[in-house]
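**Q** Before I ask anything, here is the structure I am working with.
Bear in mind that the values in this text are calculations on the coordinates, not laboratory data. Please read all numbers here as calculations on a predicted model, not as lab measurements. Reconstructed Cβ throughout: ideal geometry from the backbone, glycine too, with neighbour counts over all protein chains shown.
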């Protein structure tokens, strides 16, 4: 499938994930017309994953945030964002950026969301 534009509903973007593991994404900037959000899957998501996966992370969702100019993508956006996702008991949550997996389980348990400005990471869980 590749890239698919996601439109906001009530200021939030729902990023569909594998096995009904959806992310609810919120941008810190409320002027959403300045951005284009796309969900990624298949090879588009695979390109963003770390080269090794010793923990067996199940990568289930990925997205990109672009600046919008005249309704067209104009480079990746530098915007702070947060997302929520439901975890099962005992699951650990990870995001991937900089070629590595980063655990964010404590943040989502403490704050109910994960806040990042790192570029458009894949999201996954163990087990």
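**Q** Out of the residues in the stretch 15-47 that are without any contact (Cβ under 8 Å) to a residue 12 or more places away in the chain and within 15 Å of the chain's Cα centre (by Cα), which is surrounded by the most Cβ atoms within 10 Å (Cβ to Cβ)?
**A** Step by step, filter the stretch 15-47, then rank; the result is 46.
**Q** Six or more apart or on different chains, Cβ under 6 Å: which pairs go from a residue in the stretch 3-14 that's within 17 Å of residue 113 (Cβ to Cβ) to one that's part of a loop (DSSP other than H, G, I, E, B)? Could you list them?
**A** Qualifying pairs under 6 Å: 14/22.
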